[in-house]
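Have a look at the structure below, then the notes.
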Amino acid sequence: MTEADNLLVLDQAMRRRTIAVISHPDAGKSTLTEAMLLHAHRISEAGAVNGKPGRRGTVSDWMAMEQERGISISSAVVQFEHRGTIINVVDTPGHADFSEDTYRVLSAVDSAIMLIDAAKGLEEQTMKLFAVCAMRGIPLITLINKWDRPGLSALNLLDEIETRTGLLPTPMVWPVGAAGEFRGLLTSGIDQVTTYQHTVGGSTIAQETPIRPEDATQALGQDYATAVEEDALLAATGRTHDTALFLAGQSTPVFFGSAVRNIGVRTLLDALVSYAPPAAARVMTDARARPVNTDFSGYVFKVQSGMDTAHHDRVAYVRVCSGQFQRGMILTHAQTGRPFVTKYAQHVVGRERHTLDTAWPGDVVGLVNASSLRPGDTLYAGEPAEYPPLPRFRPEHFSYAQPADTSKHKQFRRGLEQLNGEGVIQVLISPNVGAHRPLLAAVGPMQFEVVAARMQAEFHTDVTLEPTRFTIARDLAPGIAPLLNGLRGVEVTTRPEGGDVALFEDRRSLAAIERAHPELDLAEPAHQ
Ligand code: GDP
């Protein structure tokens, strides 16, 4: 690379913020994504999503919406610019399609927004996603949403964040007026308030009016005094933003707003630009960090099949880690050493696809019909690179599988081998039952549907699934399995690729075995 190329890549990487929004269904992720696009002038009016009944996860609704809007918020990634910075929002599938992919996506981002419904606080799916972010050391910015509606008190919400996540919450703005009586946002530490002129349904950017501290008491009365007091109290107890703590994943800057009314969204975007980390050097399998300004490298974090059902096509999503990506370049597939031609690079926006010609560190490239690529695989140019494999996440749903037609056993085996390798489902074999009736293990139940559909379409095999009573899985260290064999309430299984996994019905059966056999280490590992 020439010195000029080198500087260009570095500059582009510094301009990138690659993020995910982690939240529980209905907290407002789609609404927030839309509000961010509105601010970036990618769309001129928001609102089609809002309040649409029965929209949840149904494909036809998404498509209808895409057509209506001309842009999709169900995209694998949306990209927009704010204050000269390129923000890539990688979608974390939720709702009914919560799956291992949801977790894997988090390996592709540099930071995340933890979106919380002010009335509900931290909910189950948010906590699950939070745990993955914590494990990977992903810095989190918190947005407490729906402040236009009655909810919990701001201080209680902060308390909940602190006790349940262990993160130190550092408010960057503080709400003037309780949830449902929203008057404005106080900029933490400055005492200046911004008030917002509501637009109908938040369909356009809310007009912001700053109020100086000397005018605020008269304008906002007691609510202002309370906000100043609470803000000062939090500052006095050390809850102020500290960049090092934030980047180390130990504190979280907290924002308040209302995505549906477009309040507080600009402030959040400004924070992404100012505080969220840009694309930076990534650590490879050999523990060396590959700088961003070198030859191209990237890894596959998700493979999506059957988006275009007529063609059984597969899109491999690659997170660019270093260098410039140019469509047509010939890369090396690190896992096989084979060349990989990138003629069909696309930017996938919902059902629409645009040819993508160039991409930089932090960006996501969709490679169409990349049948040789699996999640975790590395592609590189020039100097060899290989990124660590993606972790397998702990499944919570287990079903026995067998071919509906026993004469199809060969296709059945081959199909499952393929889907296991692709990370669509985890295959486990119970020695008691045998390999002809493997256990399929999933993070979300929708993975079973995907398996059934793909086995039928690609391997011409109907699969019969039978749910089991197991809900907990623990990977076992070598040598532990024989000690568990024959114990009640536990089933020891093996992965076809090696490794033992113990399955338990519930926490009680796990706890009973832990009590009876304290010598077995079945504790939840800090890292999965
Ligand atoms: P998602 O499931 O997280 O993508 O949530 P959606 O964006 O679909 O929002 C779920 C519901 O909450 C919709 O009816 C939205 O209109 C509503 N909603 C989202 N943000 C806000 C907000 O700031 N205030 C209020 N009152 N409603 C909101």
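The values are calculated or read from the model by the stated rules, or taken from the named source; none is laboratory data. The structure presented is a predicted model; accordingly, all values stated were derived computationally and were not measured. Virtual Cβ from ideal backbone geometry, glycine too; neighbours counted across all protein chains shown. SASA here: full protein model, heavy atoms, side chains in, ligands and nucleic acids out. Shrake-Rupley method; radii C 1.70, N 1.55, O 1.52, S 1.80 Å.
For the range 503-528, the candidate set comprises residues that are modelled with pLDDT of 90 or more and within 21 Å of M135 (Cβ to Cβ); within that set, the residue that is most open to solvent (accessible area, probe 1.4 Å) is R507.
From the list G444, G434, G499, G415, exactly one residue is closer than 30 Å to Q335 by Cβ, modelled with pLDDT of 85 or more and open to solvent by 10 Å² or more (accessible area, probe 1.4 Å). Which is it? If you could, list the steps in order and put the result at the bottom.
On the way: G444 fails: open to solvent by 10 Å² or more (accessible area, probe 1.4 Å); G434 fails: closer than 30 Å to Q335 by Cβ; G415 fails: open to solvent by 10 Å² or more (accessible area, probe 1.4 Å).
Just a single option satisfies the conditions, and that option is G499.
Residue-level check: of (1) in contact with a Leu (Cβ under 6 Å, 6 or more places away or on another chain); (2) part of a strand (DSSP E or B); (3) closer than 24 Å to G498 by Cα, G376 misses just (2).
Looking at the structure I just gave you, is T204 open to solvent by less than 50 Å² (accessible area, probe 1.4 Å) and in the same structural domain as I113 (by the TED database)? No; evaluated as a whole, the condition is false for this residue. Within the range 242-265, can one find any residue that is touching a helix residue (DSSP H, G or I) at 6+ places or on another chain (Cβ under 7 Å), assigned to a helix (DSSP H, G or I) and either buried (at least 24 other Cβ atoms within 10 Å of the Cβ) or modelled with pLDDT under 95 (or both)? Yes, there is a match, as at least one residue in the range 242-265 is touching a helix residue (DSSP H, G or I) at 6+ places or on another chain (Cβ under 7 Å), assigned to a helix (DSSP H, G or I) and either buried (at least 24 other Cβ atoms within 10 Å of the Cβ) or modelled with pLDDT under 95 (or both).
Scan T165, T195 and give me the residue that is modelled with pLDDT of 95 or more and away from the ligand (no atom under 16 Å from the Cβ).
Values: T195 fails: modelled with pLDDT of 95 or more.
Going through T165, T195 in turn, just one is modelled with pLDDT of 95 or more and away from the ligand (no atom under 16 Å from the Cβ): T165.
When R338 is tested against the conditions (1) at pLDDT 95 or above; (2) open to solvent by less than 40 Å² (accessible area, probe 1.4 Å), the lone failure is (2). The residues of the range 457-473 that are free of Cβ contacts under 8 Å to residues at least 60 places away in the same chain and open to solvent by less than 30 Å² (accessible area, probe 1.4 Å), listed by number, are F459, T461.
Taking the range 155-172, which residues are outside any loop (DSSP other than H, G, I, E, B), open to solvent by 10 Å² or more (accessible area, probe 1.4 Å) and in contact (Cβ under 8 Å) with a residue 60 or more places away in the chain?
Let us first name the residues in the range 155-172 that are outside any loop (DSSP other than H, G, I, E, B), namely 155-165, 168-171.
After this cut, where a residue has to be open to solvent by 10 Å² or more (accessible area, probe 1.4 Å) as well, the list is 155-156, 159-160, 162-165, 168.
Correct list: L155, T165, L168.
Regarding T126, is this residue open to solvent by less than 10 Å² (accessible area, probe 1.4 Å), within 16 Å of the chain's Cα centre (by Cα), within 15 Å of the ligand (Cβ to nearest atom) and at pLDDT 90 or above? Yes, satisfied.
Please go through the range 266-296 and give me each residue that is within 16 Å of the ligand (Cβ to nearest atom) and open to solvent by 50 Å² or more (accessible area, probe 1.4 Å), ordered by number.
Within the range 266-296, just R266 meets the criteria.
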